[in-house]
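Just below is one structure, and these are the notes that go with it.
The values are calculated or read from the model by the stated rules, or taken from the named source; none is laboratory data. Quantities reported herein were computed from a predicted structural model and do not represent experimental measurements. Glycine gets a Cβ as well: all are built from the backbone with ideal geometry, and neighbour counts include every protein chain shown. For the accessible areas, the whole protein counts, side chains as well, though only heavy atoms, and no ligand, DNA or RNA atoms are used. Shrake-Rupley method; radii C 1.70, N 1.55, O 1.52, S 1.80 Å.
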Amino acid sequence: MNARLPLVLLTGLALPFVHKPVNIDDTNFLAMARAAARDPWLPHDFLINWGGQTERAFDVLSNPPGIALWLAPVADLPALWMHLWMLPWLVLSVWGAWKIGQRTSGKPNAAALLIAGAPVAMLATHAFTPDLPLLAVSLAGIAGLLDDRKPMEDRWPSALCLGAAALFRYSGIALIPLALLWPLLHGERRAALKLTAAATAPLALLMAHDLLAYGSIHMLAMVGFQSTANAGADLAHKLVSNLAYLGGTAALPLLAIARPGRTIIGAVVGGAIGHLVISAVGGATPIWVGTAFAAAGGASLSVVFKRPDRIHIFLAAWLLLGLGLLMSLRFSAARYWIPFFAPAVLIALRTCPRWLVGLTIPATLSLGLALSADDLDLANTQERAASRAMGAGIGKISGHWGFQHHLEAAGWTPVEED
C-alpha cells in the first residue's frame with residue numbers, strides 16, 4: 001500500500017486552481033516574501049499598510065518568516081508559478097496524513113483524503129499563506145513520531161520536523177508538547193527529553209535570529225498583539241466560532257455518526273452554546289445558522305470522549321491543545337485549525353464503518369471544491385475591480401487584501417485611512 005491514490009486525486013483537484021489571482025491574506029505574505037528576497041536575514045524589516053495604517057511589518061504581521069523564505073525565489077513571478085511552487089507541501093501533507101492513518105486506524109487512504117482534502121486544507125492548497133506548509137510539517141513530524149519501526153530516541157528528526165511548524169505559524173508551538181507526550185506514554189523519559197529538545201530547537205533558533213536581526217523577539221511582541229480579546233464576551237464568541245469552523249470546514253461531523261449517542265450529546269451541547277452566545281451578543285450571523293454550525297463542531301469534538309488507549313490519549317491531547325491555543329488568540333479563522341483538526345478525523349476513523357467513510361469522503365471533497373470555487377470567484381472579482389480602478393490611471397489606495405496587491409503592483413501607493 002502507498003499514498004499514490006490520494007496524492008493523484010488531490011493533486012488533480014488542485015490543478016484547476018493554479019491560475020487563481022492573489023487573494024485575501026496572500027497580500028501580506030507576498031509582501032514579506034519580496035522583503036525576504038531582498039534580504040533573507042530581515043524578512044520583517046519593511047513597512048506595510050495594514051488595515052489602513054502604515055506600520056513596520058515586525059509590529060503587525062503576526063507570523064514567523066517561514067512562508068516568506070519559501071516564496072522568496074518566486075515572489076515576483078506570475079501567480080501560476082507560485083501556485084506550482086506550493087505543491088510540494090501538498091505532497092508532504094498527503095504522505096504524513098497517510099502514514100498517521102495507517103498507524104492509528106488502518107485506513108490510510110481515507111485519512112489522507114479527509115485531512116489533506118478537508119475544505120480548510122483544500123483552500124490552503126490554493127493560497128500563498130503559511131497554512132499548507134504548517135499542515136505538511138505537522139503531519140510529517142507526527143507520522144515520524146508514531147513510527148514504531150525506529151527506537152523512540154532515534155525519532156528526533158521527526159520531532160525536529162514537528163517543531164518546524166513554529167517557523168510558519170506560532171500556533172505550531174502548541175504541537176511541541178506532543179513530542180514529550182508520546183514517549184512518556186511509553187515510559188521512556190530519556191527519549192521524551194531528547195525529542196522535546198529537538199522539537200523546541202527550530203523555535204529557539206528563530207528567537208536567537210530575531211535578537212540578532214531586530215534586537216527583540218518577534219514571537220513575544222506578537223503575544224501582546226494577540227492577547228487583546230480575552231474578556232468573557234470575546235471568549236464566548238471565539239468558542240462558538242471555533243466550534244463552527246471545526247465542524248463546518250475541517251472535520252465534518254459525518255464520521256461521528258458511528259457513535260450516535262456521543263454525537264447527539266456533543267451536537268446538543270455545541271448547538272446550545274451557539275444559540276445562547278449568538279442570542280446574547282448578537283452579530284451578523286442568523287441564530288439558526290450559528291446554532292447549526294456550532295452543533296456540527298460539538299459533534300466533531302465529541303470523538304474525544306471514549307475509552308482511552310495510548311493512541312487515543314495522544315490524538316485527544318493534540319486536538320485539545322489546539323482548541324486551547326485557538327481560544328487564546330485575538331482572531332478566529334477556519335484556517336487556524338490547520339495543525340489541530342486532524343485528530344478529530346483520525347479518532348473517528350478508528351471505529352467508523354467503511355460505508356460511512358465512503359459517504360464522508362465525497363461529501364468532504366465536494367464541500368472543499370465548492371468553497372474553492374467561491375474563493376476563486378472572490379479572487380477574480382478583486383482582480384477585475386482593481387483593473388477597473390487602473391483605468392483611472394495611477395492613484396492612491398486605502399485598503400487591504402488582493403485589491404491592494406493588484407493596485408500597488410500597478411504603481412498605486414497606499415495612504416492612511418484618515
The range 254-273 residues that are over 7 Å from residue 299 (Cα atoms), paired with ones that are open to solvent by less than 80 Å² (accessible area, probe 1.4 Å) and polar (S, T, N, Q) (beta carbon under 7 Å, 6 or more apart)
254/360; 255/360; 257/263; 258/351; 259/351; 262/302; 265/302; 271/291
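So which of 292, 317 ends up being under 23 Å from residue 107 (Cβ atoms) and in a helix (DSSP H, G or I)?
Numbers: 292 fails: under 23 Å from residue 107 (Cβ atoms).
Exactly one of 292, 317 is under 23 Å from residue 107 (Cβ atoms) and in a helix (DSSP H, G or I), namely 317.
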Those residues of the range 42-62 which are buried (at least 22 other Cβ atoms within 10 Å of the Cβ) and in a loop (DSSP other than H, G, I, E, B), in sequence order:
43, 44, 61
Considering only residues that are within 30 Å of residue 47 (Cβ to Cβ) and among the charged types (D, E, K, R), which ones fall in the range 343-401?
375, 383, 384, 388, 396
Quick test for you: out of 261, 248, 322, pick the one residue that is open to solvent by less than 40 Å² (accessible area, probe 1.4 Å), part of a helix (DSSP H, G or I) and farther than 18 Å from residue 138 by Cβ.
248
Residue 297 vs. criteria closer than 19 Å to residue 324 by Cα, open to solvent by less than 30 Å² (accessible area, probe 1.4 Å) and in a helix (DSSP H, G or I):
yes
For residue 392, work out the one condition from (1) assigned to a loop (DSSP other than H, G, I, E, B); (2) in contact (Cβ under 8 Å) with a residue 12 or more places away in the chain; (3) under 30 Å from residue 27 (Cβ atoms) it doesn't fulfil.
(2)
Residue hits (the range 25-41; part of a loop (DSSP other than H, G, I, E, B), surrounded by fewer than 17 Cβ atoms within 10 Å (Cβ to Cβ) and out of contact with any Pro (no Cβ under 9 Å at 6 or more places or on another chain)) are 39, 41
Among residues belonging to the range 325-348 that are assigned to a loop (DSSP other than H, G, I, E, B) and not hydrophobic (A, V, I, L, M, F, W, C), point out the one that is farthest from residue 94 (Cα to Cα).
330
The lone exception for residue 208 - which of (1) part of a helix (DSSP H, G or I); (2) open to solvent by less than 30 Å² (accessible area, probe 1.4 Å) it fails:
(2)
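Of the residues 132, 90, 80, which single one is open to solvent by less than 10 Å² (accessible area, probe 1.4 Å), closer than 16 Å to residue 22 by Cβ, part of a helix (DSSP H, G or I) and in contact (Cβ under 8 Å) with a residue 40 or more places away in the chain?
So the residue among 132, 90, 80 that is open to solvent by less than 10 Å² (accessible area, probe 1.4 Å), closer than 16 Å to residue 22 by Cβ, part of a helix (DSSP H, G or I) and in contact (Cβ under 8 Å) with a residue 40 or more places away in the chain is 132.
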Give me the pairs: first residue in the range 363-377 and of a type in the set (D, E, K, R), second residue outside any helix (DSSP H, G or I), beta-carbon distance under 9 Å, and six or more apart or on different chains, which are they?
375/20; 375/23; 375/24; 375/126; 375/127
Subset of the range 182-205 [exposed (fewer than 15 other Cβ atoms within 10 Å of the Cβ) and either charged (D, E, K, R) or within 14 Å of residue 172 (Cα to Cα) (or both)]:
189, 190, 204
